[in-house]
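The values are calculated or read from the model by the stated rules, or taken from the named source; none is laboratory data. Values in this document were obtained by computation on a predicted structure and should not be read as measured data. Here Cβ is always computed from backbone atoms with ideal geometry, including for glycine, and neighbour counts include all displayed protein chains. Accessible surface is based on the protein model in full, side chains and every heavy atom, while ligands, DNA and RNA are left aside. Shrake-Rupley method; radii C 1.70, N 1.55, O 1.52, S 1.80 Å.
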Amino acid sequence: MFRYLIFTLSILIGPAFIGPVFAEPHQEVGMSGGWAIKVNPNNGNGCYMQKDFETGTLVQVGVVPNREGAFFAAYNPAWADIREGEVGTLLFDFHDARFQGEVVGSFVEGTPGGYAFFNNPEFVSEFGRRLAVNVTGDGGGSEVIDLSGSSKAIAAVKACQSNQ
């Protein structure tokens, strides 16, 4: 069964939104479940969780209050074929639940990756209750992301956001 994330990021909105997201330093407010909890002053003080994995992948999931939604982003130096602003598709496979949506190529501190805005709360629910998710891009490349501690981190992001 496929469930489609409602990604509303477009080529026109994407680059304008992604660039300034990382213009100011982000304040780390704590750790939860092995994830760093941070606040982004550039998107309405949205809280997010961030984790570096052994594969070199940096994953971020968080709130975008000034757009009434949330985001998933992943970056890895090995993904050299990604182009800034290029739109693609991601499939999130949680084994018995799948979500698909658009992702826009972006860079964080010179590292290539992608950023996807979504407003489907079911995605966050699946992310928090699973142990892993297999993320596959248009080119067929995929990575299994360990979601250990994500439930606690999501609760910490929600608590952080209520304090903003």
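Tyr75 sits with roughly 0 Å² accessible to a 1.4 Å probe, with DNA, RNA and ligands left out of the calculation.
Got the relative contact order for segment 97-146 handy, in percent, Cα pairs under 8 Å and 6 or more residues apart? If you can, show how the numbers build up before the last one.
Numbers: 39 pairs, mean separation 10.8, N = 50.
The normalised contact order for segment 97-146 reaches 22 percent.
Around the amide H of Gly46, modelled in the peptide plane, lie the amide H atoms of Asn40, all under 5 Å away and 5 or more residues distant in sequence or on another chain. Contact order, relative form, for the chain: 25 percent (alpha carbon pairs under 8 Å, 6 or more residues apart, mean separation divided by residue count).
What size of dipole, in debye to the nearest 20, comes out for segment 81-164 about its Cα centre when the only charges are +1 on Lys and Arg C-beta atoms and -1 on Asp and Glu C-beta atoms? Intermediate results must be reported in sequence, preceding the final value.
On the way: 6 positive and 12 negative charges, 94 e Å.
With only Lys, Arg, Asp and Glu charged at Cβ, the dipole is about 460 debye.
Work through the residues other than Gly88 whose Cβ is under 9 Å from its Cβ and net out their charges, Lys, Arg +1 and Asp, Glu -1. Result for the neighbourhood of Gly88: -3.
Where in the chain are the helices, taken as whole DSSP H runs, whose Cα atoms extend 15 angstrom or more along the long axis and whose Kyte-Doolittle mean reaches at least 0.0? The partial results should precede the final answer.
Details: long enough: 150-162 (18 Å, 0.36).
The qualifying helices are 150-162.
If you take the square roots of the eigenvalues of the alpha-carbon gyration tensor of the chain and sort them as a ≥ b ≥ c, do you get rounded (a/c under 1.5), prolate (a/b over b/c) or oblate? Don't skip to the answer; put the middle values down first.
Numbers: a/c = 1.31, a/b = 1.08, b/c = 1.22.
Judged from the Cα gyration tensor, the chain comes out rounded (a/c under 1.5).
Ratio to report: Rg/Rh of segment 55-115, with Cα atoms as the point set and Rh obtained by the Kirkwood method; give two decimals. Before the final figure, lay out each step's value.
Numbers: Rg = 12.2 Å, Rh = 12.5 Å.
When Rh is taken as the Kirkwood radius, the ratio is 0.98.
For the chain, the fraction of 1.4 Å probe accessible surface lying on carbon and sulfur atoms is 53 percent. With helices as the sole contributors, the chain gives -5500 deg cm²/dmol at 222 nm; each DSSP H run of n ≥ 4 counts as -39500 (n - 2.57), and the sum is divided by every residue. Annotation for Glu122 and Arg83: the two label points, set 7 Å from Cα along the Cα-Cβ direction, are 3.3 nm apart.
Here's how it looks for Val64: its modeled amide H is under 5 Å from those of Gly69, Ala70, Phe71, which are all 5 or more places away or on a different chain. Report, in debye and to the nearest 20, how large the dipole of the chain comes out about its Cα centre when Lys and Arg carry +1 and Asp and Glu carry -1 on their Cβ. Value, rounded to 20: 500 debye.
By how many nm would the segment from Glu68 to Ser151 grow when fully extended, if each residue of separation counts as 0.36 nm and the alpha-carbon distance is taken off? Working shown, then result.
Working: separation 83, 0.36 × 83 = 29.88 nm, distance 2.10 nm.
That works out to 27.8 nm of additional length.
Rolling a 1.4 Å probe over the heavy atoms of the protein chains gives the chain an accessible area of 49 Å² per residue.
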